[in-house]
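Colleague: The structure that follows is given in the form of structure tokens.
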Amino acid sequence: MLSLSLDRHAAQPLFQQIYAQLRDRIAAGDLKAEDRLPPSRALAIELGVSRSTTVAAYEQLSAEGYITGRQGSGYYPSRLAEADLPKRPAPGTVPRHPGRPGRALPLYPGLPDMRLFPFRQWNRAIARVARTEPEAMVIGDGLFGDRRLRRAIAAHIHDWRGVSATEEQIVVTAGSADALEICVRAFMRNEDCIALEDPGFERLRHFTDSLGLETVWLDVDADGARLPSPSPAQPRLAVLTPSHQFPMGGVMSANRRVEYLNWATRNDSYVIEDDYDSEFRYAGRPIPALASVDTSGHVLYVGSFSKVFTAGVRLGYLVVPENLIETFARCVTHFGARASISAQRPLAHFIEDGEFLRHIRRMRRIYAERHQVLIEALTMQLPPSCCFDNHHAGMQVTVLLPADTDDRAICEQARRQGLSLLPLSPHYAGSRPKSGLVLGFAAYSPEEITTAVHHLAGCLRDFRL
């Protein structure tokens, strides 16, 4: 009747085979709207299957709108609109995406070394919650996230960063980008603009562009990001990395910090302090957070577990001033929370038990050693035309190249040598970009770092630097 072909040894059920063949023939126009389909019983006899099999196929086609039942007449193909769609490529002609490798090639910046992750301690925290309070892994107990986790975060940032906040001021987020979006939705109006450091996070620039925000660029000098130029309309938000500027690595001076606090108060603007890797300072005392000296309620503090713990849990936090709690509560209520519930209570236990602090201290010691290995290797092997500053902090070092050097081409050449570097120039937006390389060290052993710098030096020699 319809010349359908069934494979009784295939994993696909027979009714799905019938459904798929009829669907494809209707979509291709081989079966017209006036072509009456055979009754389900007759088709079943023809194919040697049970009637329930053909009925199931017809019902699925009808549910999806491919056929229409007419009272007393049977089923007919539906009239489908013609679609100007490209032909489906033949199997095997589309290249398969290789997927993300288990470990990035040296010297990719900003990655923690997951070989050092405290798997056993983390598994114990998960098992403890799953055994004693499993409901906490699927049911939230607060608008801003798990209350116990927020209480643990408040204690941690008070001890580590000097930021005084109650659990009511803390919003658990799905990372720093989620925290920024919450701030934008809570504050920004159509005519408002946002200020970003230049150079700064390239992904942050793409993110604000995707939201259609007008951007004011803040040039970075030795004291940190410069204040916005005087104008009647000042930015509503300014996103800063005062403790460790990315990608240049400097620290915002005390005087510049005071100037920003005065600027925010004077213009009723707000500073978003992205404290993304402040735990990793390898010399001297930690730099105080800007939020720790804010008395006017104009600093929004953003922290993340991606650098110090793992990006896999997709959790971060936002600390809002007390007078803005209701504003953010309305925002989160309206747009919803994105942070996953399942890992929040285990992370609370992980922090309370001291495992998180022990992990940070261990990482600081190991990363300090690797940082020193990178600094020594660069000092010994880089050509005199290249320079860098040792800020004794962070998870990357930025090497400046001679002006007009094509840093993208160098990164491409390094990739062929088994390296993964970030060019500096794409991190600039408003000003004339400098040429350079952003190098990471945290995720690699001393031997990997030394070998990688040796290959990098060879690439630079190929470019006659």
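Each value in this text was obtained by applying a stated rule to the coordinates, not by laboratory testing. Predicted model, so just to flag it, every value in this text is computed and none were measured. We place every Cβ from the backbone using ideal geometry, glycine too, and count neighbours over all the protein chains shown.
Colleague: Run the quick spin-label model on LEU2 and GLU412: label points 7 Å from Cα toward the beta carbon, then report their separation in nm to one decimal.
Modeller: Reported label-point gap for LEU2 and GLU412 is 5.3 nm.
Colleague: Over all alpha-carbon pairs of region 14-77, lay out the pair-distance distribution in 5 Å bins, whole %, shortest bin first.
Modeller: Result, from short to long distances: 4, 20, 31, 29, 15, 2 percent.
Colleague: Ok, one more. Once you have the alpha carbon radius of gyration of region 109-184, what is it after dividing by 2.2 N^0.38 Å, with N set to its residue count?
Modeller: 1.30
Colleague: Please report the Cα spread of region 248-340 along all three principal axes, rounded to whole Å, starting with the longest.
Modeller: Rounded to whole Å, the extents work out to 41, 38, 20 Å.
Colleague: OK, next. Using θ = phi - 60° and the Karplus form 6.51 cos²θ - 1.76 cosθ + 1.60, what ³J(HN,Hα) does each residue of region 378-385 get, whole Hz, x for Gly and Pro?
Modeller: Those phi angles translate into 5, 4, 7, 10, 6, x, x, 6 Hz.
Colleague: Could you tell me the largest-minus-smallest coordinate of the C-alpha atoms of region 116-357 on each of the three principal axes, in descending order and whole angstroms?
Modeller: 58, 44, 32
Colleague: Compute the distance from the alpha-carbon center of region 156-206 to that of region 341-390, in whole Å.
Modeller: Here the two parts' Cα centres lie 23 Å apart.
Colleague: Rank-order 139-148, 207-216 by packing density, defined as the average count of other C-beta atoms within 10 Å over each peptide's residues, highest first.
Modeller: Those peptides, ordered most packed to least, come out 139-148, 207-216.
Colleague: Moving on to the next point. Using the Karplus curve 6.51 cos²θ - 1.76 cosθ + 1.60 with θ = phi - 60°, what ³J(HN,Hα) values do you get for each residue of region 204-211, in whole Hz, with x for Gly and Pro?
Modeller: Coupling constants for region 204-211: 5, 5, 5, 5, 5, 4, 5, 8 Hz.
Colleague: Going by amide H atoms built from the backbone, whose H comes under 5 Å of the H on ALA195, apart from near neighbours?
Modeller: VAL216, LEU237, ALA238, VAL239
Colleague: Right, another one. When the helices in the chain are scored as -39500 (n - 2.57) per DSSP H run of 4 or longer and the sum is shared across all residues, what 222 nm value do you end up with, to the nearest 500 deg cm²/dmol?
Modeller: Dividing the helical sum by the residues of the chain leaves -12000 deg cm²/dmol.
Colleague: Another question, then. Relative to the present Cα-Cα distance, how much length would full extension add between ARG120 and ASP404 at 0.36 nm per residue of separation?
Modeller: Length gained between ARG120 and ASP404: 97.3 nm.
Colleague: Just to check I understand the Karplus step: with θ = phi - 60° and J = 6.51 cos²θ - 1.76 cosθ + 1.60, what whole-Hz values come out for region 389-401, glycine and proline as x?
Modeller: Rounded to whole hertz, the list is 10, 9, 8, 6, 7, x, 10, 8, 10, 9, 9, 8, 9.
Colleague: What residues qualify as long-range amide H neighbours of VAL163, i.e. H under 5 Å apart, gap of 5 or more or another chain, H built at 1.01 Å from N?
Modeller: Placed amide hydrogens put HIS158 under 5 Å from VAL163.
Colleague: Projected onto the charge dipole of region 220-290 (+1 at Lys/Arg Cβ, -1 at Asp/Glu Cβ, origin at the Cα centre), which of VAL239, ALA289, SER253 gives the Cα projection farthest towards the positive end?
Modeller: Value computed over the given set: SER253.
Colleague: Would you kindly calculate the translational diffusion coefficient of region 363-462, applying Stokes-Einstein with the Kirkwood radius from alpha carbon pairs, for 4 °C and a viscosity of 1.567 mPa s, and quote it in µm² s⁻¹ without decimals?
Modeller: 94
Colleague: Could you sort the peptides 445-457, 122-134 by per-residue average Cβ neighbour count (10 Å cutoff), highest mean leading?
Modeller: 445-457, 122-134
Colleague: Once amide H atoms are placed 1.01 Å from N in the peptide plane, what residues at a sequence separation of 5 or more from ASP389, or on another chain, have their amide H within under 5 Å of its amide H?
Modeller: THR398
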